[in-house]
1. 5 Å is the cut-off here: which amide hydrogens, built 1.01 Å from N in the peptide plane, fall below it relative to Ile50, excluding neighbours closer than 5 in sequence?
2. Can you list residues from other chains, or at least 5 along the same chain, whose modelled amide H is less than 5 Å from the amide H of Val124?
3. By average Cβ neighbour count within 10 Å, what is the ranking of 408-416, 155-163 from highest down?
4. Name the lysines eligible as straight-distance cross-link partners of Lys791: C-alpha to C-alpha under 22 Å, and not fewer than 8 places from it in the same chain.
5. Quick one: 3J(HN,Hα) in Hz for the range 334-347, Karplus 6.51/-1.76/1.60 with θ = phi - 60°, rounded, Gly and Pro as x.
6. Strictly over 20 Å apart at the Cα level, which of Lys367/Lys447; Lys499/Lys607; Lys242/Lys527 would you flag in this model?
7. Could you compute the net charge surrounding Ala781? Neighbours are other residues with a C-beta less than 11 Å from the C-beta of Ala781; K and R count +1, D and E count -1.
8. Using a Debye calculation, one point per C-alpha and no hydration shell, please list log10 I(q)/I(0) for the range 37-99 at q = 0.19, 0.24, 0.29 Å⁻¹ in order.
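Values quoted throughout were computed directly from the atomic coordinates according to the rules given, and no laboratory measurement underlies them. All values derive from a computational prediction rather than experimental measurement. Quick reminder, even Gly has a Cβ in these numbers, built from the backbone with ideal geometry, and neighbours come from all protein chains shown.
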Amino acid sequence: MLNPLLRCGLAVLFLGAIFVAADAAESKATRLTVSVDKPGIAVSPLLYGIFFEEINHAGDGGIYAEMVRNRSFEEPLKDKTIPGWELVTGQGGAGKISVETDRPMSAKNPHFLRLQIENANGRVGIANEGFRGSHKESNGMCVKQGAEYLLSLSARSSTGQPLIVSLESPNSVLLASGTVSAPGKEWTKLTCRLVATASGTDARLAVAGNSAGTVDLDMISLFPRDTWKGRENGWRPDLIQKLVDMKPAFMRFPGGCWVEGNSLEDAYRWKRTIGEVADRATVRNLWHYYSCNGLGFYEYLLLCEDLAAEPLFCINCAMSHTEMRTQPTSLDGVDEYIQDALDAIEYANGPADSRWGSLRAKAGHPKPFNLKYMEIGNENGGAAYKVRYAAFRKAIKAKYPEMHLVCDSYEPPADTIEISDEHYYSSPEFFATNADKYDRYDRARPKVFVGEYAVTQGSGAGNLLSAIGEAAFMTGMERNADQVLMASYAPLFADVHYKGWNPDAICFDNSRVYGTPSYHVQALFAKNRGDVNLPVSIEQPVAARPHTGAIGVGTWHTSAEFKDIVVTRGERELWRSDFSKGTDDWRLEHGQWSVEDGALRQTAVDKPCLAEVGDPFWTDYTVRLKARKLGGSEGFLIRFLARPDQERIWWNIGGWKNTAHGVEGAGGSDKVPGKIETGRWYDIRIEINADRIQCFLDDRKIHDCQLVSPKSVFAVAGRVNGTGEVVLKVVNVSGAEMTAAIDLQGVERVAFKGLRTVLTGPAAATENTLALPERVLPVTAPVAIDGPQFKQTLPPWSVSVLRVKAE
Ligand code: AHR
């Protein structure tokens, strides 16, 4: 039987072809018929939102405008140095610095800095270079001439000396200076206002004394006065403006894996992130830095309010990132986390005189934030998650039945899941192929939140083609917006010098910011969403291309050997292995390959180790071979239809920790239970006939699947209730310009002028950068439309949005 699922999974392989240059077939007319007279489902108003994670310095060193890194000295010493800080001495001065803990300023942040000035000839102090990344080109602090900066610090000293504060460039040019009055013998909070007399993008902050003695310092903080809405403890306005421009309907926060933590000790616990900033714990972030939580639970809720976005708080469910799969199913210790969830809701929504609501009111927000959505865990799963989800759900629904809960897996019983969070990171081909995924989705399944998705393969640092692939997928989500209630691209922000994940929607350094093409696609879709869907049918010429490619073998965390490999077409032998000649004709990608006893052996227990051979233009062939597992946790990977620079397709035999066999191509997979024994030779056969793939193990048929033809054009349309406009979004994923004949069916008259926005670029690989931030930008212009039938050009690799008033 042909497997309908795989129809989708395998299509990705061949879509590769549609992302390359134009061919004759694709330049023929494409017809788009929009049934304006047959409105369909109402579109979920939450469909396009954002996912903010504290990753890539999105928060600390990012939107959180604090300019000092490691302001409370909580980061552990690195090679005996204090991260972010160094001793500075003027000519003739001498002193030393250390991190101490005796009688700290805050029990929750117990470390502070001790500055011992031994010889005060010239200044002796400390300097902080801000969030300078590990990258050699990255900068220190950005200081702008004429701008004001607010310094605050806590200090104690018996020297009675005032402290001199300065902002200076690396070559010691003074950009701003000021003095804070002498601290007392006990911890004293001191402030100082600095006005920059010159600019610099590589500045540092220095705090120094000029007489001998000891000064203890903590919470040394520097903010520009110019923060978003001028708030204290505020955010970088240029970065927040980028979010405003996206018009997000919701914001999921604060992670991601950041919520899970590497261990539960580092997990995101919101109670550690509220109240006085000096008392908020600095926590190790599994994305390889420390977070001071100045951007805390309150600030996230406030940010959602500023963006008019529904807050969706993703809470830790007593499972950490590393321990996730080994976590016990017992609920010991989980109560505390459930209580956190209940208290978070009270903090956000409770009356100003409730226990937790009063803390929100004290922070400056007596009115509730109206939190309605909470996600239980992030990417957790398995038996331990199942019991935790049930326990969280029971407790939350009992107290707050109105809360909408998001489940991060399909393991709990479907009738207990209101919304399920799905994540996809893959290739442009995967997303384009799966643009119809939700058309075929079983409506009996829970509603969907596509909480994280992005093209991560072949994406450079975020290129046009990736954005176009995502756009194709988004047309499918929107067309099925009765099922897909919410969606958010991931990750949102990255400091270009501190990338823990690539690509990201918004990239910045200490003074500049730009949106990747994916960012612009997100904003385009969010701003051009109909309220009610209009059915669109698309007729497009599909290039009939032969499915071609070479063959290969490989392993995943396994050592194995392969022999007697033969490729035939009908009676004709195309190729036969001969390892007596070594492996010269093989393309070895990864692993430790050798020839032993006439077989090709791979011994590195790594992932994935591949060897490829043959002609990328072979069509309609059968590959036969023998394979034997020698050790490790999985089985074999047999490649077929392998072409350079294209999505990998393989038969994974004994994959998924030796529990299943599956034909996989870019995320799509036809999977059946199965395993491989160590030490036994298996006969493997794959038959490729036109678009049919059949896979046999020891002559037993395991898979029978069909390849589908690639599409180039994807579209979704809707009607805006207030204005009566028809909004049509058309995505051309191919490298060919097309002419689309558009028919607005059921429409008598259209307003002569419509609006057309097009996002495209000179090449599929085009990216925006800090230096060239506008290479890929949406361009909007009026467009003349003379009736319900008209033509539009669809540029290569483009998203076109048409807004037309129709009667
Ligand atoms: O978006 C980056 C990471 O991808 C998120 O932290 C995690 O949820 C996913 O694995």
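1. Ala249, Phe250, Met251, Arg252
2. Those qualifying (amide H under 5 Å, at least 5 residues apart or on another chain) are Gly90, Gly209.
3. Values: 408-416: 15.3, 155-163: 18.3.
Packing order, densest peptide first, comes out as 155-163, 408-416.
4. Correct list for Lys791: Lys28, Lys38, Lys711, Lys729, Lys753, Lys805.
5. Going residue by residue, I get 7, 3, 4, 6, 5, 4, 4, 5, 5, 5, 4, 5, 5, 4 Hz, with x marking Gly and Pro.
6. Numbers: Lys367/Lys447 31 Å; Lys499/Lys607 23 Å; Lys242/Lys527 14 Å.
Beyond 20 Å: Lys367/Lys447; Lys499/Lys607.
7. +2
8. -0.91, -1.10, -1.22
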